[in-house]
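Take a look at the structure below.
The values are calculated or read from the model by the stated rules, or taken from the named source; none is laboratory data. Since the structure is predicted, the reported quantities are computational estimates derived from the model, not experimental observations. Every residue, glycine as well, gets a Cβ built from its backbone with ideal geometry; the counts of neighbours run over all protein chains shown. Areas reflect the complete protein model, heavy atoms only, side chains present, ligands, DNA and RNA absent. Shrake-Rupley method; radii C 1.70, N 1.55, O 1.52, S 1.80 Å.
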Amino acid sequence: MTSVLNYRQLAAELEGVPDLMFATPGHAPLAARLAALGPGMIDVHTHAIDPDLPAIGRTHEGRFPSVRRVSADLAQIILDGRVYREIDSRCWSVQARIRDMDAEGVAAQVLSPIPVTLCHGEPVSGAQALATAQNEFLARMVAAAPERFAALGCVPMQDTALAIAELRRCMDELGFAGVEIGTRVGDRELSEPQFVPFFEAAAESGAVVFLHPVDQTLDPRLSRLRIGFGMGMPTETATAAAGLLISGLLDQVPGVLLCLAHGGGTLPCALPRLAVGQRVVGGVTEPAKLATTQARKLWCDSLTYDVEGLRLSSERFGAGHVVLGTDYPFDAREEPAGAVLTAAAGHVEGTANIARENALALLAAAGRPRTESVRLRGARWDIFLASA
């Protein structure tokens, strides 16, 4: 497992490299910030939004959310002219978040967009404008407390070239750890060939790709049954991830860092049956190609609300591939942060590492320099990544 010493060694190696392009102006590269991180947990699954988010729907065609301020500390996300969600200053206030983090022993949070704002099924011009605005806001939050925050940006997946360009801007200019994407792009699946270049670009830049379901894309049947949150969201994650597993993407794009929200949703339970389906329906006989094997290349967060659920996610993806996630600051968040880890201590392998060390290992690759532009002495970067 990667230790803090590894990060300090890497930071020293990076010092003085002239063409390093992945530091956000005004603060140190992510690797150096990890090296200096204080004690405590790292929460990889949190959300933030600009209380003054531009009303993209006024200038672009499509169905886009906006934010309406109610007071200094309260706001509403508006969708289709109605209140989608009430939010408070924890969604945008650095001070409010740090107070909560300090109270719960969280050293750092990784900020990501609220999923309803991803808008992968809307016209691309509006989605691009919304992604740009959100990324600028997240960059400002990180710059306000770079020792406590990292970020996952937003990209317009409707247009692969534009998504790649915004991904690279997130990594090279804004210093992000990666991006958050939804589980589908309109009526297209992430496993379709047109998205392979996006995942190749993510792997090339070392971007974490956080896969998060969006409630607006769920089967309407689940809403009628009032199980959209409880069953629809985790099943949506599992469906998208299963498609990626059997598509061969993880072999085609080695090194891509895919992290699934909510403990991987229902995927851990479904993996054995998925593998049987590959053999029976698809004629797959090579063990390395089966979903149960491929899944160990994935990562997930710990947001299972349950010790047995955490145990299964840890067994399916590997104990070193589970990171702390809470869904802060929403009602469904794990509170306090790491509650399931505390309950699982002594019962689930590697629980202590889930709180912090696994996230350090995952984030270590974020923003790694491209080999053609930066070469560290003695291939130290490759050695460092291999130790993660």
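Leaving ligands, DNA and RNA out of it, rank 262, 347, 47 by accessible area with a 1.4 Å probe, largest first. Show your work: numbers first, answer last.
Working: 262 35, 347 115, 47 0 Å².
Highest to lowest solvent-accessible surface, that is 347, 262, 47.
Could you pull the accessible area for residue 233 with a 1.4 Å probe, rounded to 10 Å²?
Ignoring ligands and nucleic acids, residue 233 comes out at about 30 Å².
Distance between the C-alpha centers of segment 195-246 and segment 294-366? Whole Å please.
Here the answer is 18 Å between Cα centres.
With θ set to phi - 60° and the Karplus curve 6.51 cos²θ - 1.76 cosθ + 1.60, what are the ³J(HN,Hα) couplings of segment 120-130 in order, to the nearest whole Hz, using x for Gly and Pro?
5, x, 9, x, 5, 5, x, 4, 5, 5, 5
Taking only protein heavy atoms into account and a 1.4 Å probe, give the accessible area per residue of the chain in Å².
Details: 15950 Å² over 388 residues.
Per residue, the chain has an accessible area of 41 Å².
Where does the chain land at 222 nm, in deg cm²/dmol rounded to the nearest 500, when only DSSP H runs of n ≥ 4 count, each adding -39500 (n - 2.57), divided by all residues? Can you show the working numbers first?
Working: 16 runs with 153 residues, N = 388.
About -11500 deg cm²/dmol.
Of all accessible surface on segment 105-163 at a 1.4 Å probe, what whole percent is carbon and sulfur?
Details: 810 of 1400 Å².
Of all accessible area on segment 105-163, carbon and sulfur atoms account for 58 percent.
Write down the percent of antiparallel bridges among all DSSP beta bridges whose residues are both part of the chain, to the nearest 5. Kindly include the intermediate steps, with their values, before the conclusion.
Working: 12 of 37 bridges.
Once the DSSP bridges in the chain are tallied, antiparallel ones form about 30 percent.
Taking 8 Å as the Cα distance limit and 6 or more residues as the minimum spacing, I'd like the relative contact order of segment 72-117 as a percentage.
Values: 29 pairs, mean separation 10.0, N = 46.
Computed over segment 72-117, the figure is 22 percent.
What fraction, in whole percent, of alpha-carbon pairs in the chain exceed 31 Å separation? Intermediate results must be reported in sequence, preceding the final value.
On the way: 24081 of 75078 pairs.
Here the tail beyond 31 Å accounts for 32 percent of pairs.
Beta carbons within 10 angstrom, averaged per residue: use that to sort the peptides 329-342, 65-78, 117-130, 277-290, highest first. Can you show the working numbers first?
Details: 329-342: 17.7, 65-78: 15.9, 117-130: 21.9, 277-290: 12.3.
Sorting 329-342, 65-78, 117-130, 277-290 by mean packing, highest first, produces 117-130, 329-342, 65-78, 277-290.
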